[in-house]
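**Student:** What follows is a structure written as structure tokens; I'll ask about it next.
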């Protein structure tokens, strides 16, 4: 999987993803969490889906408000 900081309207959002030609699944964490909470689950989906896992704004490595 690739992890990088993307800019949306000058706000940095950290995202981990693995894109292919399959349907995408977006994993969102709860308040106070970060994208690392999905590490144990992602391997079960990686072969069947494209995966998108962001750190929501103010969480993990994403920019704070």
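Throughout, read-outs are computed from the coordinates displayed, never taken from laboratory work. In this text, all values refer to a predicted model and were calculated from it rather than measured experimentally. Note: ideal-geometry Cβ built from the backbone for every residue, glycine included; neighbour counts use all protein chains shown.
**Student:** Being surrounded by 12 or more Cβ atoms within 10 Å (Cβ to Cβ) and either part of a helix (DSSP H, G or I) or free of Cβ contacts under 8 Å to residues at least 24 places away in the same chain (or both) is the filter here, so list the residues in segment 42-52 that pass it.
**Tutor:** Listed by number, the residues that qualify are 42, 45.
**Student:** When the residues of segment 2-36 are narrowed to those that are outside any strand (DSSP E or B) and within 10 Å of the chain's Cα centre (by Cα), which ends up surrounded by the most Cβ atoms within 10 Å (Cβ to Cβ)?
**Tutor:** Applying the first criterion (outside any strand (DSSP E or B)) to segment 2-36 yields 9-10, 19-23, 27-36.
This time we only want the ones that are within 10 Å of the chain's Cα centre (by Cα), so: 27-29, 34-36.
Details: 27: 15, 28: 11, 29: 17, 34: 17, 35: 23, 36: 13.
The residue in question is 35.
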